[in-house]
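Here's the structure, in structure tokens; my notes come after.
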Amino acid sequence: MSSHGLQWYGQFASAQAIAATAEYGANVFRVAMYTGEGGYLSQPQSMQAQVTAAVDAAIENDMYVIIDWHILSDGNPMENVSHAESFFSAMAQRYQNAPAVLYEICNEPNGSVTWGRDVKPYAQRVIQAIRAYSPRAVILVGSPTWSQDIHLAAADPLEGENLMYTLHFYAGTHGAQLRTRMDAALAQGLPLFVSEWGTSRADGSGGVFLEQAETWLDFLDQRGISWCNWSLCDKSETSAALRPGAPPKGPWSQSDLSPSGAFVFSRLSAAGS
Ligand code: IDC
């Protein structure tokens, strides 16, 4: 499961909320720390404290946990590369002995950004910062067009071990074409991780597109590809797993779950049993 933006819905990334998510069968929690939109770049200390609290809670619950540098309105990761280096360096130092921690270094590059000029050199710098403390941790790398251009990464991959590439999809917007692209990248040997997907359209609303979501999850299961669903919060939008007013700490009853949450949590329970 993925959190929503910690600066807005941090109450749904508390130790209790994470434990409740684990109870539903989730074995990975993604901590989405926006950089812009009032996130880390405006309040680095409090955001970092929220991140480490959530990471510690996920580890406590025997989950994997993804530390997500959630670029979005700031579409070119190079814009804030030095902030990313110091943030990830601190995280890798703190979690150097914690194999459960994965580092997602750029949520969704977008706008006039290229793989070769922007994302790849950014990744090289941030990977180096992480590797200084954590030589083997799994690092997840995004790609242009909101982490859909994995073909560009497949054609010109990074050097190094334990690197994976993220692919993001929204069931109401993306379908067979993107799955074909995934199969092509897998055939080229590119390791993939779906660190964010939603049952909605790409704007977070519309639908809910559960049939399309089922096709997607079956496709991922057949290929052994991990995923995190966007998002654990009670915002009034299709992609939110909880209905408005659901208790932030859980546990959640069936009536607290949105149609999206009911679908996603039933898939988690099925996978965990
Ligand atoms: C959306 C949230 C929405 C918020 C918006 C802007 O669901 O509440 O107002 O961001 O911050 C992504 C992004 C993710 C988006 C999501 C849905 O990673 O931050 O969340 N989405 O639009 N990529 C594709 C879709």
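The values are calculated or read from the model by the stated rules, or taken from the named source; none is laboratory data. Since this is a predicted model, take the numbers as computed values, not measurements. Counting neighbours? That spans all protein chains shown, and the Cβs are built from the backbone with ideal geometry, glycine included.
Do you know which of the residues in the stretch 1-51 that are of a type in the set (Val, Ile, Thr) and not in a helix (DSSP H, G or I) is farthest from residue 229 (Cα to Cα)? Ranking the qualifying residues of the stretch 1-51, first place goes to 35. Each residue in the stretch 133-157 was checked for being farther than 21 Å from residue 90 by Cβ, within 16 Å of the ligand (Cβ to nearest atom) and either without any contact (Cβ under 8 Å) to a residue 12 or more places away in the chain or not small (Gly, Ala, Ser) (or both), and 6 of them qualify.
How many residues are more than 9 Å from the ligand (Cβ to nearest atom) and outside any helix (DSSP H, G or I) when one looks only at the stretch 185-196? Final tally of qualifying residues: 8.
So which of 192, 232 is surrounded by 20 or more Cβ atoms within 10 Å (Cβ to Cβ), aliphatic (A, V, I, L, M) and under 22 Å from residue 141 (Cα atoms)?
Numbers: 232 fails: under 22 Å from residue 141 (Cα atoms).
Every option except 192 fails the conditions.
Listed by first and then second residue, the pairs with beta-carbon distance under 9 Å, at least 6 apart or on different chains, first residue in the stretch 97-120 and within 13 Å of residue 152 (Cβ to Cβ), second of a type in the set (Phe, Trp, Tyr) and crowded, with 18+ Cβ neighbours inside 10 Å, are 109/115; 109/122; 109/146.
Per this entry, residue 140 is not counted among residues that are among the aliphatic types (A, V, I, L, M), surrounded by fewer than 21 Cβ atoms within 10 Å (Cβ to Cβ) and either within 27 Å of residue 231 (Cβ to Cβ) or at pLDDT 95 or above (or both).
Could you say which residue among 245, 250 is in a loop (DSSP other than H, G, I, E, B) and under 26 Å from residue 102 (Cβ atoms)? Break it down stepwise before answering.
Numbers: 245 fails: under 26 Å from residue 102 (Cβ atoms).
When all the criteria are applied, what remains is 250.
Residues to consider are 176, 240, 187; find the one that is surrounded by 21 or more Cβ atoms within 10 Å (Cβ to Cβ) and either in contact with a helix residue (DSSP H, G or I) (Cβ under 8 Å, 6 or more places away or on another chain) or of a type in the set (A, V, I, L, M, F, W, C) (or both).
After applying the criteria, what remains is 240.
Every test in (1) surrounded by fewer than 20 Cβ atoms within 10 Å (Cβ to Cβ); (2) without any contact (Cβ under 8 Å) to a residue 60 or more places away in the chain; (3) more than 12 Å from the ligand (Cβ to nearest atom); (4) under 25 Å from residue 198 (Cβ atoms) is passed by residue 25 save one, and that test is (2).
So which residues in the stretch 109-123 are in a helix (DSSP H, G or I), surrounded by 13 or more Cβ atoms within 10 Å (Cβ to Cβ) and out of contact with any strand residue (DSSP E or B) (no Cβ under 8 Å at 6 or more places or on another chain)?
If we filter the stretch 109-123 for residues that are in a helix (DSSP H, G or I), which is where we start, we get 115-123.
Now restrict to residues that are surrounded by 13 or more Cβ atoms within 10 Å (Cβ to Cβ): 115, 118-123.
Listed by number, the residues that qualify are 115, 118, 120, 121, 122.
Given the criteria in contact with a Phe, Trp or Tyr (Cβ under 7 Å, 6 or more places away or on another chain) and either at pLDDT 95 or above or in a loop (DSSP other than H, G, I, E, B) (or both), does residue 182 qualify? So residue 182 does not fit the description; no.
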